[in-house]
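Written out below as C-alpha cells is the structure these notes cover.
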Amino acid sequence: MLGTSQRPDSARLSRREAIALALAHNPQLEIVRAQIGEAKARKVEAVSIPDPAVTASFDQQRGIFRSGVAGQKNVGVGVLVPFPNKLRLQGKIAQSDVQSAELSYQLQRQLVAAQTAEAYDSLLVALKHRADLTDAETLARDFLKRTEARFNAGTAAKLDVIKATVEVAQASNQLLTNALDVQNAGSALDRLLGRPIGVPVLPTDSLVVPDSLPSLDRLVAVGLEARPELASIMAQRQGARAATALAKQFWLPDLTLSVNRDYNLPDPALFSTGLAFPLPIFFWQHTRGQIAESSFRERELAASERDLRAAVTQDLRDSYATARIALQQAVFIRDQLLPSARAAYRAASASYTLGGSSALEVLDARRTLLDAESQYADALAAANISRYELERAVSVPLDTIH
C-alpha cells in the first residue's frame with residue numbers, strides 16, 4: 001500500500017561489524033565531530049585581522065543635517081592590525097582547543113566501541129540464556145512425561161506429577177522473562193548502531209572464554225601513554241600558558257592604517273599610519289585580573305593532571321583486576337562446576353528411570369544444572385565485557401600489547 005513505511009530488515013552482524021557500524025553511524029560521534037569543526041572555526045576567528053572599516057562623514061556643518069554646506073566631506077578606510085605576537089598566542093590558545101576536541105573525539109570513539117561490544121555481548125548472553133531455558137523446558141517436559149508414565153504404572157506418587165508440572169510452568173515463565181531481556185538488549189544495541197529501535201540484530205559471533213591478559217605493569221605503562229584524557233589536559237596546559245603570556249602583553253601596541261579624502265578639497269587622499277598604545281595606569285587591574293586568572297588556571301590544570309594520572313592508574317588497575325577475576329571464574333565454571341552439574345543430573349535422571357531416586361532429587365539436580373549453565377553464560381559475558389572495559393582503559397587493543 002502506498003504511504004506505508006517499511007520496517008528495515010534485521011541484520012546479521014559479527015562483533016567487529018557491529019563496532020564498525022557504530023563508529024560510522026552513532027549520533028554521539030557526530031556531535032563530537034561537529035564540536036571539532038566549531039573549534040577549528042574558533043581558531044580561524046582567533047587569528048583573524050579585523051575587517052577594514054569604511055567611514056563617511058560631513059564635518060564642520062553650520063547646522064545639524066545641513067550636509068550641503070558642510071566644511072568637509074570625508075571618506076576614509078582604516079584597518080587595525082593587532083601586534084603580531086598577540087595573534088600568534090591567540091592561535092596557540094585556539095589550537096589547544098582544537099587538539100582537546102580531537103582527543104575528545106578519540107575518547108568518544110573508544111567509549112562507543114566498548115559500549116557496542118558490551119551491548120553485543122549482553123544480547124549474546126540473553127540469547128544463550130534463552131537457549132539454556134529452552135533446553136531446560138524440554139527437559140522438564142520430558143521429565144513430566146516420564147513421571148506421568150510411572151504414575152500410570154503405579155511406581156510414582158501423584159505429588160511427583162504435580163512437582164513435574166510446576167517445573168514445566170516455571171521453565172515456561174522464565175522463557176517469557178527472558179524474551180524481555182532479549183528485547184531490551186537488542187534495543188540498546190540498535191541505539192548504539194544508529195539504527196531504528198526495535199530492528200532485530202542477529203549476532204553471528206558466540207560467547208567464548210577470552211585470551212589471557214598481558215601483565216599489569218605493561219598495561220599501566222601503555223595506558224598512561226595512550227589515554228586521550230592525559231593528552232587532552234596536556235594540550236589544555238599549553239593553551240593556558242599561552243593565555244598567561246597573552247595576558248601579560250596588555251601593554252603592547254596595535255598598528256593602525258587609514259586612508260582619508262576630503263571631497264571638498266582638490267588635494268589627493270591622505271594616508272595615516274600610527275600605533276595605538278594602551279596606557280596601563282591601572283596596571284593592578286591586569287595583574288590581579290586577567291594575569292592572575294590565567295596563572296591560577298595553569299595551577300588548576302597542573303593539579304588536575306596529577307589527579308587524572310592517579311585516576312587513570314586506578315582505573316587501569318581496577319579494570320585489570322575485574323577482567324582477571326572474571327576470566328578465572330569463567331574458566332573455573334567451564335572446567336569444574338558445569339561438568340559436575342551435568343554428571344549429577346545424568347546420574348539422577350538415570351537413577352530415577354530405574355526407580356532408584358526420587359523426583360525431588362532429579363528436580364534438584366536439574367535446577368543445579370540450570371544454575372550452572374546460567375552462571376557460565378553470565379561468567380562468559382562478564383569475562384568478555386570486562387576485557388573490553390580494560391581495553392578501553394588502556395586505549396590500545398590488548399592483542400597488540402606484548
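Taking every DSSP beta bridge that has both residues in the chain, what percent is antiparallel when rounded to the nearest 5? Here the share of antiparallel DSSP bridges comes out near 90 percent. Once both labels are positioned 7 Å from their Cα atoms along Cα-to-Cβ, the gap between GLU30 and ILE162 label points is 6.0 nm.
What full-extension length gain, to one decimal in nm, is calculated for GLU45 and LEU176 as 0.36 nm per residue of separation minus the Cα-Cα distance? Don't skip to the answer; put the middle values down first.
Numbers: separation 131, 0.36 × 131 = 47.16 nm, distance 5.91 nm.
Here the segment from GLU45 to LEU176 would lengthen by 41.3 nm.
What separates the Cα centres of segment 324-400 and segment 19-43 is a distance of 41 Å. Between the helical axis of 84-153 and the longest alpha-carbon principal axis of the chain there is an angle of about 10 degrees. Label point of ALA311 set 7 angstrom out along Cα-Cβ; within segment 194-222, amide nitrogens under 20 Å from it belong to 220-222. In the elastic network of the chain, a GNM with C-alpha springs shorter than 10 Å, the most mobile of GLN174, GLN115, GLN236 is GLN174. As a rough guide to protection, the peptides 309-317, 204-212 ranked by mean Cβ packing within 10 Å, highest first, stand as 309-317, 204-212. Considering helices alone, the calculated mean residue ellipticity of the chain at 222 nm is -24000 deg cm²/dmol, with DSSP H runs of length four and up weighted by -39500 (n - 2.57) and normalised per residue.
Could you pull out every one of the lysines with an alpha carbon less than 24 Å from that of LYS43, ignoring same-chain neighbours closer than 8 positions? Excluding near neighbours in sequence, the set is LYS86, LYS92, LYS248. Against the main long axis of the alpha-carbon atoms of the chain, helix 290-332 sits at an angle near 20°. For the chain, the dipole from Cβ point charges (+1 on Lys and Arg, -1 on Asp and Glu) about the Cα centre works out to 720 debye, to the nearest 20.
Each peptide in 288-300, 386-398 gets a packing score, the mean of other Cβ atoms within 10 Å over its residues, and the list from highest to lowest is 386-398, 288-300.
Each Cα pair under 8 Å and six or more residues apart adds its sequence gap; the mean of these over the residue count of the chain is a relative contact order of 24 percent.
For a Förster distance of 25 Å, can you work out the FRET efficiency between the beta-carbons of ALA303 and LEU224, rounded to the nearest 0.05?
On the way: r = 17 Å, r/R0 = 0.70.
So, using R0 = 25 Å, E works out to roughly 0.90.
So, in Å, what gap is there between the alpha-carbon centers of segment 224-240 and segment 280-313? Each part reduced to its Cα centre gives a spacing of 16 Å. Taking the chain as the reference, fit the longest principal axis to its C-alpha atoms, fit the long axis of helix 338-353 to the helix C-alpha atoms, and give the angle between the two in degrees, 0 to 90, nearest 10. Orientation of helix 338-353: about 30 degrees from the principal axis. No solvent, one uniform scatterer per C-alpha: report log10 I(q)/I(0) for the chain via the Debye equation at q = 0.06, 0.08, 0.11, 0.12 1/Å, two decimals. After summing over all Cα pairs, the log10 values are -0.51, -0.71, -0.98, -1.06. Among 47-53, 102-108, 340-346, the peptide with the highest mean count of other Cβ atoms within 10 Å heads the list, and the full ranking is 102-108, 340-346, 47-53.
Since every read-out is calculated from the coordinates, none of them should be taken as a lab result. None of the values given here were measured: they were computed from a predicted structure. Note that each Cβ is placed from the backbone with ideal geometry, even for glycine, and that neighbours are counted across all protein chains shown.
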